[in-house]
Structure formats: structure tokens, C-alpha cells
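In what follows, a single structure is set out as C-alpha cells and then discussed.
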Amino acid sequence: MKSILILSVSLLTGILLSAQVKTDQTFINSKKEKKMDTTVRQIFIDKFLVPEKAIQEFKERTKISLSYIAKQPGFIKLEAYERFDENGNLIYIGIVVWENDDAFKKAKAAVDAEYKKQGFNPKEMMERLHIILERDIYTEVETNIR
């Protein structure tokens, strides 16, 4: 079975593709640097904690970004999941699958250019809205359970 590298990135939106990772309360990244196989599918998984007051703007921007991302060459699929915590905050999980690392890098460059043209800064939005993003790298595990 072809191994799949699971790699998370900022928002499964263009926010995902464009935001820079910080090691403060806004972004959490436990990724360790290691050489990746750039020929396998790239699966980006992000978990966002979105304060109740920021949910509407977050969802509006996510919709705009995802519609642009889905049109990029090498995009395979998107999955999104959400739930609300006891305080009304949104917990949003996004998974974006790319054909390979090259496709992801080209899409990221296209999204960055589009955001620059729009005057949109994902990092600023995340900080202003107090959105926390967790991002990690995983690899698929064969369980042999059917």
C-alpha cells in the first residue's frame, strides 16, 4: 500500500496555505524537521479553536479560501468537521489532500499571490480573532482491521 504522509498546514483554506506558524498562543506546531518523501500524497490536517465571536468571519473566509484552493492543480479532496465546546467556541478540523508536495507548493504560491492581490493577511486575521491553530505531521498507519 502506498504510504501517505499526513502533514498539517494552516487552515484547510487559503488561510491554511498562507499563514505562517508561530510558537505562541495563536499557533501551536509540534512538527519536527525531517526529510519528507515529496512523491506521495500530502494530507494536511488542522484543528482550529475559534472563539464564539469570531465564528461568522472565520466561516466566511474559509468558504472564500476553499473555493479558490479546490480549483488548484493537484487538489484531491477536502474534509471538514466541526463541533462546539461548552463555551460556544467552534472546534474545526480541516483535512486537505494534495497529489504530492510539488502540487501543494504551487498551490501555496498561487494562494499567497491571490491574498496579496486581495490585501488579505491570514496571520493578522488569526491573531485579531484569537483563533488558535494546532498543526502536526502524521503518517498513515496500516491497521489491517476491516
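The string of couplings for the range 73-78 from the Karplus curve (6.51, -1.76, 1.60, θ = phi - 60°) is x, x, 5, 9, 6, 10 Hz, one whole number per residue in order, with x for Gly and Pro. Counted by Cβ distance under 12 Å from residue 61, the other residues give a net charge of 0, where Lys and Arg count +1 and Asp and Glu count -1. Applied to the range 52-58, the Karplus parametrisation 6.51 cos²θ - 1.76 cosθ + 1.60 on θ = phi - 60° returns per-residue 3J(HN,Hα) values of 3, 5, 9, 4, 4, 5, 4 Hz, with x for Gly and Pro.
Read-outs: derived from the displayed coordinates by stated rules, not from any lab. Keep in mind the model is a prediction, meaning the values are calculated, not measured. Reconstructed Cβ throughout: ideal geometry from the backbone, glycine too, with neighbour counts over all protein chains shown.
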